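Reviewing the structure listed below.
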Amino acid sequence: MTRTRAYHWLKGGSAFVTATGLAVALAAWPQTGAPIALLADLAFWPPDGAQSLAAGETRLLAAIGGGVMAGWGVTMWRIVDRLYLENPALARSFIMPGLLLWFAVDSLGSLISGGALNVVGNVGFLALFMVPILLADRAAPIGSGASGHEIAR
């Protein structure tokens with residue numbers, strides 16, 4: 001995978017994380033919570049409609065968690081947009097620790113809470129970032145004339 005392709009993949013992943021965070025935050029309002037209630041119902045297999053997200057504390061945590069997730073997505077977008085092409089190793093060093101800690105904490109919490117299928121979704125989110133980070137070439141830096149990865153922003 002070229003660095004340019006990884007750049008686009010990472011930006012797409014960042015946008016997806018941001019959009020998902022906004023959807024989770026919208027679950028704080030009962031009128032817009034159905035998509036996240038459905039995801040919760042699927043995570044607590046088998047689907048039975050028992051996860052309504054109706055409790056006030058659940059909606060509060062959706063607002064907080066969704067806001068944090070949306071902010072995390074924007075932060076990753078900025079790291080990728082402003083740093084990845086010029087210094088991919090530094091960008092990776094900013095993205096990877098938070099990504100791996102999120103995966104471990106979220107997945108463990110999902111298992112403990114009984115929502116084990118959420119781990120499957122977590123693997124998908126993890127892959128959005130790990131695949132381009134691990135597969136991107138580590139060729140000559142941008143601007144050296146040797147890489148062919150130049151991109152207009």
The range 60-76 - phi-based ³J(HN,Hα) in whole Hz, Karplus 6.51/-1.76/1.60, Gly and Pro as x
4, 5, 5, 5, 5, x, x, x, 5, 5, 4, x, 4, x, 5, 4, 5
What order do you get for ASP106, ASP48, ASP137 when you list them from fewest to most C-beta neighbours inside 10 Å?
ASP48, ASP137, ASP106
Taking the Cβ-Cβ separation of ARG78 and ASP48 as r and a Förster radius of 41 Å, what is the calculated FRET efficiency to the nearest 0.05?
0.50
For the range 26-111 the mean separation of alpha carbon contacts under 8 Å (6+ apart) over residue count, i.e. relative contact order in percent, is 21 percent
Extension gain (nm, one decimal) between SER113 and HIS8, 0.36 nm per residue minus Cα-Cα:
34.3 nm
Peptides 78-91, 109-122: what's the order by average Cβ count within 10 Å, highest mean first?
78-91, 109-122
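As a test of the formula, what do you get for the chain when each DSSP H run with n ≥ 4 contributes -39,500 (n - 2.57) and the sum is divided by the residue count, at 222 nm and rounded to the nearest 500 deg cm²/dmol?
It lands at -23000 deg cm²/dmol.
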If I stretch the segment between ALA89 and VAL105 completely, what's the gain in nm (0.36 nm per residue apart, minus their alpha carbon distance), one decimal?
3.3 nm
Per residue of the range 8-14, what does 6.51 cos²θ - 1.76 cosθ + 1.60 with θ = phi - 60° give for ³J(HN,Hα)? Whole Hz please, x for Gly and Pro, Karplus curve as stated.
5, 4, 5, 5, x, x, 5
Report the extension gain between TRP29 and VAL120 in nm, rounded to one decimal, defined as 0.36 nm multiplied by the number of residues separating them, less their alpha carbon distance.
30.2 nm
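Grab the alpha carbons of the chain, take their convex hull, and tell me the volume per residue in Å³.
About 103 Å³ per residue, rounded to a whole number.
Taken together, the values in this text are just the output of simple stated rules run on the coordinates, not laboratory data. Quantities reported herein were computed from a predicted structural model and do not represent experimental measurements. Here Cβ is always computed from backbone atoms with ideal geometry, including for glycine, and neighbour counts include all displayed protein chains.
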